Amino acid sequence: MKYEQLNTPSYIVQEKALLKNLNILKDVSDSTGCKILLAEKAFSMYRVYPLIARYLVGTTASGLFEAKLSYEEFRTDGEPVKAVKENHVFEPAYKPDEMKEICSICTHLYFNSIAQLEAHRSIWEPYQKAGKIKVALRINPEFSTQEGHAIYDPCSPGSRLGIRRESLPEKLPEGVTGLHFHTLCEQGAEPLIDTFRSVEKTFGSYLDKISWINMGGGHHISKADYDTEKLKSFLNETKEKYGLEIYLEPGEAIALDAGTLITRVLDRVETSDIPTFILDASAACHMPDVLEMPYTPPLFGSLDSRGSSDAPGADAADGDADEGGSGQNAGDGVWVRLASRTCLAGDVIGIYKLPSYPAIGDILTFGDMAIYSMVKNNTFNGMALPDIVLEHAEDTEDRFEIVKHFGYEDFKMRLS
Ligand SMILES: Cc1ncc(COP(=O)(O)O)c(C=O)c1O
């Protein structure tokens, strides 16, 4: 299908960009022996799992449903459906009625407390003793390397994620052979190294008692400025020093900058400051992280941008607009507010400086929309979910494939 034939809104995932990221990740694992997993919570477009499965050893799930999705779909073309790949799962607390199925399809199981480990022992232990599953405990190094986003910081005070040193017995419980920490968010190699140094200090006595360690996600490995050489040296040194099998489980790094969201301009509203353009995409429904984090997504062709919570008008235009803030005399661009057609006043994607005002019917393209977008979207206000489109790597006009189209039935079936 041609680009012009696509619906709006649509998420378009670019195979080429995905491959670029996967090659970077594969290079890290090839040169260190470290195993890399896809964190499905960030990106679960299972249509491309067979492609990803050619580069990564498996997935990590946040619970039964993601684990099942991996079990059914994460395999290279031609491989039989049956966990050929590794299927890891971590949940802060497991539901007893799901545990048996989890154990029957997963290869690695992580517990968030000793109480959880023991509560489910009678179910997981036979699998562990039969060599079908490996068991780890998630630890909380209480070493924060990020500021400003407490919601994404598992080391923030009061965090329920991971066992603190004082709650871990001197001798690891029977059956536990691994440790897991996840503390980073969109970070470089340095914070990982600092975190591991802190783990060595606090949890060092356990490192020669385990055979594997999972260093979580949040590694922005496929970002242009990520120091992959530093990561590789660290992984090689650590492997050698402790003889451990090392896992990383990034989500973002797999599909970073590998997707866009296209949306159509439906109307222009003259507001008290700068013009607002109403789009058929919604921050609240289709890109919830924009409001949750919050952040302003990149918009192709824009000259500058501001967060939607920044005071608009004169402030947003910052001297570029005329006194009244209408943006008419904005020199090399005009400031506009891009908002949604939902009822939520705050459903604003951001304030952008564009070369000129868009026309009604124009298509706008937001970048970096593969991750934490389609996995988090919703149908609030009865908004239709965006189509999921795969842009194949071949350079042909017909390279766009609508993998899934959503309509009224998808909205209705989640209600009763
Ligand atoms: C336990 C765990 N592992 C991996 C990830 C993936 O992180 P990212 O997508 O930032 O790489 C997350 C994200 O929240 C997580 O909670």
With over 27 Å from the mean Cα position of the chain (by Cα) and either within 16 Å of the ligand (Cβ to nearest atom) or of a type in the set (Gly, Ala, Ser) (or both) as the only criterion, which of Ala345, Ala339, Ala370, Ala359 stands out? Ala359
Per the filter on the range 149-168, residues part of a loop (DSSP other than H, G, I, E, B), within 16 Å of the ligand (Cβ to nearest atom) and more than 19 Å from Tyr372 (Cα to Cα) are Cys155, Ser156, Ser159, Arg160, Leu161, Gly162
Only residues that are assigned to a loop (DSSP other than H, G, I, E, B), within 16 Å of the ligand (Cβ to nearest atom) and crowded, with 20+ Cβ neighbours inside 10 Å: list them for the range 45-72, please. Met45, Tyr55, Leu56
Residue satisfying condition, being of a type in the set (A, V, I, L, M) and within 16 Å of the ligand (Cβ to nearest atom), within set Ile123, Ile139: Ile139
Residue that is nearest to Leu344 (Cα to Cα), among those in the range 374-402 that are in contact (Cβ under 8 Å) with a residue 60 or more places away in the chain and charged (D, E, K, R): Lys376
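Which residues, counting only those in the range 191-221, are within 16 Å of the ligand (Cβ to nearest atom) and among the acidic types (Asp, Glu)?
none
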How many residues, within the range 197-239, are closer than 18 Å to Leu161 by Cα and out of contact with any strand residue (DSSP E or B) (no Cβ under 9 Å at 6 or more places or on another chain)? 1
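Taking into account only those residues within the range 195-234 that are in contact (Cβ under 8 Å) with a residue 12 or more places away in the chain and among the acidic types (Asp, Glu), which is farthest from Ile254 (Cα to Cα)? Spell out how you get there, then give the answer.
Here is the first cut: in the range 195-234, the residues in contact (Cβ under 8 Å) with a residue 12 or more places away in the chain are 195-196, 198-199, 202-203, 205-223, 225-228, 230-232, 234.
Within this subset, residues satisfying the condition of being among the acidic types (Asp, Glu) are 208, 225, 227.
Numbers: Asp208: 31, Asp225: 16, Asp227: 16 Å.
Looking at residues that are in contact (Cβ under 8 Å) with a residue 12 or more places away in the chain and among the acidic types (Asp, Glu), I get Asp208.
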If we keep just the residues of the range 222-254 that are under 22 Å from Asn87 (Cα atoms) and of a type in the set (Asp, Glu), which is farthest from the ligand (Cβ to nearest atom)? Glu245
Among the residues of the range 301-324, is any modelled with pLDDT under 95, touching a Lys or Arg at 6+ places or on another chain (Cβ under 7 Å), over 24 Å from Ser62 (Cβ atoms) and surrounded by 24 or more Cβ atoms within 10 Å (Cβ to Cβ)? yes
Of all residues in the range 65-120, which are at pLDDT below 95 and among the basic types (Lys, Arg)? Arg75, Lys82, Lys85
If we scan the range 172-180, do we find a residue that is touching a Ser or Thr at 6+ places or on another chain (Cβ under 6 Å) and either within 16 Å of the ligand (Cβ to nearest atom) or modelled with pLDDT of 95 or more (or both)? yes
Pairs needed: first member in the range 241-253, over 12 Å from Gly33 (Cβ atoms); second member anywhere, more than 16 Å from the ligand (Cβ to nearest atom); C-beta distance under 6 Å; at least 6 residues apart or different chains. Tyr242/Leu207
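Could you tell me which of the residues Lys404, Lys376, Lys353, Lys412 is modelled with pLDDT of 95 or more and within 16 Å of the ligand (Cβ to nearest atom)?
Values: Lys404 fails: within 16 Å of the ligand (Cβ to nearest atom); Lys353 fails: within 16 Å of the ligand (Cβ to nearest atom); Lys412 fails: within 16 Å of the ligand (Cβ to nearest atom).
None of the other options fit; the residue is Lys376.
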Go through the residues of the range 135-144 one by one and say whether even a single one is outside any loop (DSSP other than H, G, I, E, B), among the small types (Gly, Ala, Ser) and either in contact with a Lys or Arg (Cβ under 6 Å, 6 or more places away or on another chain) or buried (at least 18 other Cβ atoms within 10 Å of the Cβ) (or both). yes
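The values are calculated or read from the model by the stated rules, or taken from the named source; none is laboratory data. On a predicted model such as this, the values are computed, not experimentally measured, just so you know. Note that each Cβ is placed from the backbone with ideal geometry, even for glycine, and that neighbours are counted across all protein chains shown.
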